[in-house]
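Where a number appears in this text, it was derived from the coordinates with a stated rule and is not lab data. What you see is a predicted model; the values in this text were computed from it and never measured. Don't worry about glycine lacking a Cβ; one is built from the backbone with ideal geometry, like all the others, and counts go over all protein chains shown.
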Amino acid sequence: MTLTTYADFHVRSLVERDAFWAEQARRIDWHTPPQQVCDTSRPPFARWFVGGTTNLCHNAVDRHAATRPQAPALIWVSTEVAQERVYSFAQLQVEVEAFAAMLVAQGVGQGDRVLIYMPMIPEAAFAMLACARIGAIHSVVFGGFASVSLASRIDDAAPKLIVSADAGSRAGKRLAYKPLLDEAITLAAHKPQAVLMVDRGLVPFERVAGRDLDYAALRRQHDGARVPCTWLESNTPSYTLYTSGTTGRPKGVQRDVGGYAVALATSMDYIFGGKPGETYFSTSDIGWVVGHSYIVYGPLIAGMATLMYEGTPVNPDAAVLWRLVEKYRVTVMFSAPTAVRVLKKHDEALLKRHDLSSLRALFLAGEPLDEPTARWIAAGLGVPIIDNYWQTETGWPLLTVAHHIPGVEAVPTRFGSPGVPMYGYDVQLLDEQTGEVLTAPQQKGVLVIKHPLPPGALQTVWGDDARFVNTYWKSVPGREGEHEVYSTFDWGLRDADGYTFILGRTDDVINVAGHRLGTREIEECISGHAAVAEVAVVGVADALKGQVALAFAVLRDPAQAGPALEAELMKHVDAQLGAVARPARVLFLTLLPKTRSGKLLRRALQAVAEGRDPGDLTTLDDPSALAQVKTLLQK
Ligand code: ATP
Ligand code: MG
């Protein structure tokens, strides 16, 4: 058989858009088939599989429970409380129906919002699937967010009911959720009718009479309850989820039902190559988009077992992830560069302690994957490392290499680039000044997606169509009026072979004496030095040069910090990028300020370095990172 090139396949997915997606739509069960594949009559909005009715929970659970009831569906491992549990598809359905019955008993129905503020425990997945089952819109908020961030999300989502638990746990430290939740509800203008509490017995908590419900008691009461799936028109909202807040106030991404199910089913096959009966392991959290798409919905829709992990990559030791791969014969794994960088601070031999023969690939997303990190983990694990670029908004990878499309040539990976545009995404690079399409290789431009966004991408910003239109579709000069291009707010560059490189966010470009430099390039260079584990570069206002670059580095061995290494790193930049890119200073920290999802908060670093108020820090993980910066800069 002769193979089509991936480029031809990609073009077909755009030119024959409706035929392409109609074919993919057959991967899921429809209660009534769609009448129209894509409705683009009201740009920039798009409606997928119009008129079709389906249900995410049916596709993730029931249809597999019907054919393979005993196959494992949800594998839960907690190294925090030393517990492991495996639910088959049949058992998962029982749990989800009981959960759905509790929601229904509280008067929760189609279109009502349910906010889920939970640690990584099976009940969190039950809650999401139960909402999907009855058409309630879930809004998962990352567990352990402080009360102010939680309160703003409660007000935005206006949930009828909140599902929570007594506590989460991180590296053995218990984190009580209930006081944070109570405080958030006090702060919020919107008051939920009920709070459903899962009591893990980790931290005692107060119950509010008439509002707080006990999950265990209700679970017994609804044991064996049957709640049929509600068939939902494909464009009914399924959930809302906030972006990470790396660049400002988080946006409430709203997703549909049918388009999302089809997009995930297709990606599980074409991108991840996952097969029913196998085990998928994503180290993310259900509070993030990766957790939605590739802990809960994607693997289950594909009939795979999904491994849900409560714990860190280094507890009890830095081989824990690989022990799980061995034990559960994981075939596909998904993590983030930030997790790999954590492992990189530990002995490489730990990567080889377990039998990884089941593992076919490790996918990494969320942040730029620097080449040294990619090479380190690739050599250590001996499997392909597959970078993939996407956003909360897109719901599934936009740039990567798809290895599993029948009849289509595989695209080899290339270090430093997540890959090529995925089928269904009409990606362009635009000149930031004129909005013109850049077609020649090695030109740097704003990465945009042409209308319509493919199935699975956001429908709108929850409750704020105007913010959706104005934020994403009007930001490129020369293109404001047309509702034609969606901006990712990331810089990209295409090489002669069509690989796209992500050069950072459009607001991460700095201007040193008239030279425009991407902070990402300087970071990539510094992180290539053997002494450096992690680095962040920001532009800081400078009276003489406009801006100068400041580098903040975390070392593999903190004892090496000092003027000698600072000078050496500067020389390293001079040699690789040239003196214009040389940071004015390299400061050594023991940790970098990151969002809870592990993304660098460059805007906060920059603000502190410029002596400004760092603004919204509600998504900041560990405030001590910024405190270190302040102390260093005072010296
Ligand atoms: P906010 O939009 O609220 O500022 P955020 O953009 O960090 O937050 P996410 O949707 O979680 O929220 O992250 C998507 C962004 O992460 C992308 O736009 C890109 O900047 C970055 N990113 C994700 N994957 C990759 C990757 N593989 N390579 C480079 N950058 C990536
Ligand atoms: Mg973003």
Average Cα contact separation per residue, the range 1-81, under 8 Å, 6 or more apart, as relative contact order %: 20 percent
Degrees separating the helix 563-576 axis from the principal Cα axis of the chain, which is the longest one: 90 degrees
Note, ³J(HN,Hα) from phi for the range 330-336, Karplus 6.51, -1.76, 1.60, rounded to Hz, x at Gly and Pro: 5, 9, 10, 10, 9, 8, 10
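For Leu577 and Arg375 in one chain, what is 0.36 nm times their gap in residues minus the Cα-Cα distance, to one decimal in nm? Spell out each step's value before the answer.
On the way: separation 202, 0.36 × 202 = 72.72 nm, distance 2.08 nm.
Difference between extended and current length: 70.6 nm.
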Tail weight of P(r) past 18 Å, computed on alpha-carbon pairs of the range 501-635, percent: 51 percent
On Cα atoms only, tilt of 624-634 relative to the major axis of the chain in degrees: 20 degrees
Listed residue (Trp288, Gly311, Val340) projecting farthest to the positive dipole end of the range 265-358, Cβ model: Val340
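Is there a quick way to get the dipole size of the chain? I mean about its Cα centre, with the Cβ of Lys and Arg at +1 and of Asp and Glu at -1; what is the value in debye to the nearest 20?
Numbers: 61 positive and 68 negative charges, 155 e Å.
Here the chain has a charge dipole of around 740 debye.
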Where labels lie 7 Å past Cα in the beta-carbon direction, separation of Glu484 and Ala146 in nm: 4.5 nm
Angle in degrees between helix 147-157 and the longest Cα principal axis of the chain, rounded to the nearest 10: 60 degrees
The range 595-604 - phi-based ³J(HN,Hα) in whole Hz, Karplus 6.51/-1.76/1.60, Gly and Pro as x: 6, 4, 8, x, 9, 4, 9, 4, 4, 6
Residues whose placed amide H lies under 5 Å from that of Glu534, excluding near-sequence neighbours: Val554
Added length on full extension, which subtracts the Cα-Cα distance from 0.36 nm per residue, Leu175 to Asn511: 116.7 nm
Sequence ranges 531-541, 320-330, ranked by mean other-Cβ count within 10 angstrom, highest first: 531-541, 320-330
Spacing of the two label points (7 Å from each Cα toward its C-beta) at Thr5 and Ala559, in nm: 5.5 nm
Cα centroid separation, the range 421-489 to the range 202-240 (Å): 38 Å
Whole-Hz ³J(HN,Hα) from phi, Karplus 6.51 cos²θ - 1.76 cosθ + 1.60, for the range 307-317, glycine and proline x: 9, 9, 10, 9, x, 9, x, 10, 10, x, 8
Distance between the range 3-74 and the range 289-321 - C-alpha centres, whole angstrom: 24 Å
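Efficiency by 1/(1 + (r/R0)^6): what FRET value for Val208 and Leu633, r their Cβ-Cβ distance, R0 = 41 Å, to the nearest 0.05?
Details: r = 44 Å, r/R0 = 1.08.
Taking R0 as 41 Å, the efficiency between Val208 and Leu633 is 0.40.
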Bridge type composition, the range 494-623 - antiparallel percent by DSSP, nearest 5: 80 percent
